[in-house]
Amino acid sequence: MLETNQLPLFVAGPMLRRVTADTVVIWAVVTEAIQGKVQICHKLSPLPIENANLTIEDTQQVGEHAFVLMKTLSCSSGFPLDTELNYDIETSTGSVFDNIDGALYPGETRPVFFIPSKTHKIAHGSCRHPHHNCKDALVTLDQHHQEVDASERAELLIMSGDQIYADDVSGPLMWTIRETIKLLGLYDQPFEDAPFSSCRQIDSALPLYGREPFLPKKQRRSWLQKVLNQPAEPVFSSRTLDNHLLSFNEYFAHYLLVWSPAIWELLPLPDAEALFNGKPEYISRWQTEASSIMEFVAGLHHVRRLFIHTPSYMIFDDHDITDDFNLTVGWEKEVYATDYGNRIISNALLAYYLCQGWGNHPASFNDVFSQFVSAYFSYRTEEALRPLEEMLKHFEQWHYTIPTTPKIVVMDTRTRRWRSESNDNKPSGLMDWEALMDFQQDVLNHEAVIVVSAAPIFGVKFIETIQRTATLLGQPLATDSENWMAHPGSANGIMNIFKHPRTPHNFIVLSGDVHYSFAYDIMIRFRKSSPRIWQITCSGLRNQFPQPYLDIFEWLDRMLFGTRSPLNIFTRRKRMRIVKRLPSNNDKQYLVNSSAVGLLMLNDDGSPKEIALLTADNSTIHFPERPNH
């Protein structure tokens, strides 16, 4: 076991998070209560524009050697715009960047960033699966940034969901998560109604592979299951439950291990033969997964450098919590019916808050929220955990806006859902009426707005038809039937917002989720002054759709739902004219199935100047505007 003095000070980060004209937020996870200062400087002057000391109030301790650092620097007169800035974190041993290998781009002395008066280049993407059999597009984006001038890099990075895959963890990653918990001394956590009474017992109670039998079970069984005396099924609907995360510690450690190489460098993977005592099925699986994971780990220094330099914004989708999170009322009733299921969801949301949500917009979390979190980590008892769980379950401020030009509005499409009142098995709408009204107020009276919706608002109609058919057959979970058009209330609500007379003239929607990429131009039919709408979808950063199926679905979509197809009148988007952009790498198929990060270049009026993908293979695919459109 490593000695405490062998631990690096920073095990994740530093990471630039919310960066605006008057605020810079920096996130990190450190192994001791850090003392020092943070400063932001102008390129042309060694004197800091803003200088702030790091205090204990800037951290939340979650383990003996684990502190979440969130430092907000504010400048009352505003930071300089459109000019090269740099920042530093100094401790008693000097700049932290001198002790992080590969933290800086060539020629830099400290990380450089810009705060633009108008946003002109956005990188975006979703669905980063550590052991998927493809390359990591974030690595390619960092390599691209290394080759260009600082002023030509993406001004911000938007990650629109599935930053982790909590319901599909490989064996090598799960082993490293377990060792990370021990290494950092992450605090123990009580469990009720579970196969273990605390998270420290998980290692001994649960095997490295095969957690499904130990997950919370459904309280209700069908008559057929009762007749056949079948055991209750797990409440979670993922098809990959062998290594579902359970404790807060596991969720938290997962974030550290997909954003930084620091802990991987301390914990080499063990030999599979010794680990599984000669069990060939586990050895083969481990070796296959280990090969993918180590390829992923090899690129993490690039990912860390990207986060050090590029302001990043995030929002959860289902896999950050669990597959199909809040998809139907029935799903919610089953999961929240047990203390065990409720605790797993709360653990996921708490880790999401500390690692993603907090940095998006710190002001969204008031003193009461912070006090509940601090009380739990101070006492770590059932009595301290219960009120925190209730607060997380009913929290309604995960959505946020970014005061850029154009304004960016990030939707929460997971926790403020429009629940079906007619059938527990029908998909919930992605946003309820109140959430849609809040969204409308955020976008009205702006010339241009960028909206981030994890799921595309305008998706592939044939795939949505398959999902609708599965819902009619009572199997919405079989096809992840969670698109905007699946619920009439949400569908009509969002369409009416687009048609509102004070809606933005330029309306860009950035999405992910689906594991393929595309771009649409959208206008409202029969209206002379229609807003211009663009649906731009990039997915995944490290994930892909099964190619044979996507080819078939894309062909059927063109055949059945072409621009002039009469079947369009049966869709909820019938008043919208949708033109699909053909990517530059293909003159027939409009869906791109490649691990990639989206690159969006904007004109001064907030309309797209260029829509492109930077693939993980370092090729650029453009989506040019269709002629005569």
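Conditions (1) modelled with pLDDT of 95 or more; (2) more than 28 Å from residue 121 (Cα to Cα); (3) not charged (D, E, K, R), marked per residue:
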site	(1), (2), (3)
222	no, yes, yes
239	no, yes, no
301	yes, no, yes
307	yes, no, yes
316	yes, no, yes
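Applying the criterion of at least 2 residues that are over 21 Å from residue 305 (Cβ atoms) and of a type outside the set (S, T, N, Q) to the strands (runs of 3 or more DSSP E) found wholly in the range 1-83 leaves 36-42, 48-54, 59-63, 66-74.
Does the range 360-383 contain at least one residue that is within 30 Å of residue 600 (Cα to Cα), in contact (Cβ under 8 Å) with a residue 40 or more places away in the chain and open to solvent by less than 10 Å² (accessible area, probe 1.4 Å)? Checked against the condition, which is being within 30 Å of residue 600 (Cα to Cα), in contact (Cβ under 8 Å) with a residue 40 or more places away in the chain and open to solvent by less than 10 Å² (accessible area, probe 1.4 Å), the range 360-383 yields at least one hit. Just so you know, in the range 357-408 the residues that are of a type in the set (Asp, Glu) and in a helix (DSSP H, G or I) include one that is nearest to residue 198 (Cα to Cα), and it is 382. Each residue in the range 257-277 was checked for being at negative phi and in a loop (DSSP other than H, G, I, E, B), and 12 of them qualify.
Of the residues making up the range 325-343, not a single one is β-branched (Val, Ile, Thr) and without any contact (Cβ under 8 Å) to a residue 40 or more places away in the chain.
Are any residues in the range 237-246 out of contact with any Lys or Arg (no Cβ under 8 Å at 6 or more places or on another chain) and surrounded by fewer than 24 Cβ atoms within 10 Å (Cβ to Cβ), and if so, which ones? Talk me through it step by step, then tell me what you get.
Within the range 237-246, the first condition is being out of contact with any Lys or Arg (no Cβ under 8 Å at 6 or more places or on another chain), and the residues that meet it are 237-240, 245.
Across the range 237-246, the qualifying residues are 237, 238, 239, 240.
Scanning the range 278-293 for residues that are open to solvent by 20 Å² or more (accessible area, probe 1.4 Å), free of Cβ contacts under 8 Å to residues at least 60 places away in the same chain and either assigned to a helix (DSSP H, G or I) or touching a Pro at 6+ places or on another chain (Cβ under 7 Å) (or both) yields 280, 281, 284, 287, 288, 291.
For (1) of a type outside the set (Val, Ile, Thr); (2) buried (at least 20 other Cβ atoms within 10 Å of the Cβ); (3) touching a residue at least 24 places away in the same chain (Cβ under 8 Å), each residue gets a yes or a no:
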position	(1), (2), (3)
586	yes, no, no
595	yes, yes, yes
600	yes, yes, yes
605	yes, no, yes
610	yes, no, no
614	yes, yes, yes
618	yes, no, yes
621	no, no, yes
626	yes, no, yes
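Let's see how each residue does on (1) buried (at least 18 other Cβ atoms within 10 Å of the Cβ); (2) of a type in the set (S, T, N, Q):
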residue	(1), (2)
501	no, no
509	yes, no
513	yes, no
522	yes, no
526	no, no
552	no, no
560	no, no
565	no, yes
571	yes, yes
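Scanning the range 121-153 for residues that are in a loop (DSSP other than H, G, I, E, B) and either open to solvent by 10 Å² or more (accessible area, probe 1.4 Å) or more than 24 Å from residue 401 (Cβ to Cβ) (or both) gives 129, 130, 131, 132, 133, 134, 135, 136, 148, 149, 153.
Looking at the structure I just gave you, is residue 328 touching a strand residue (DSSP E or B) at 6+ places or on another chain (Cβ under 7 Å), buried (at least 22 other Cβ atoms within 10 Å of the Cβ) and closer than 25 Å to residue 232 by Cβ? Outline the logic, then answer.
On the way: touching a strand residue (DSSP E or B) at 6+ places or on another chain (Cβ under 7 Å): yes; buried (at least 22 other Cβ atoms within 10 Å of the Cβ): yes; closer than 25 Å to residue 232 by Cβ: yes.
For residue 328, the condition - touching a strand residue (DSSP E or B) at 6+ places or on another chain (Cβ under 7 Å), buried (at least 22 other Cβ atoms within 10 Å of the Cβ) and closer than 25 Å to residue 232 by Cβ - is met.
Table: residues versus (1) under 29 Å from residue 78 (Cβ atoms); (2) of a type in the set (Gly, Ala, Ser); (3) within 22 Å of the chain's Cα centre (by Cα).
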{"site": "425", "(1), (2), (3)": "no, no, no"}
{"site": "428", "(1), (2), (3)": "no, yes, yes"}
{"site": "435", "(1), (2), (3)": "no, yes, yes"}
{"site": "493", "(1), (2), (3)": "no, yes, no"}
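Considering the range 56-81, and only residues there that are of a type in the set (D, E, K, R) and at pLDDT 95 or above, the residue that is surrounded by the most Cβ atoms within 10 Å (Cβ to Cβ) turns out to be 71.
The values are calculated or read from the model by the stated rules, or taken from the named source; none is laboratory data. Values in this document were obtained by computation on a predicted structure and should not be read as measured data. Note that each Cβ is placed from the backbone with ideal geometry, even for glycine, and that neighbours are counted across all protein chains shown. SASA here: full protein model, heavy atoms, side chains in, ligands and nucleic acids out. Shrake-Rupley method; radii C 1.70, N 1.55, O 1.52, S 1.80 Å.
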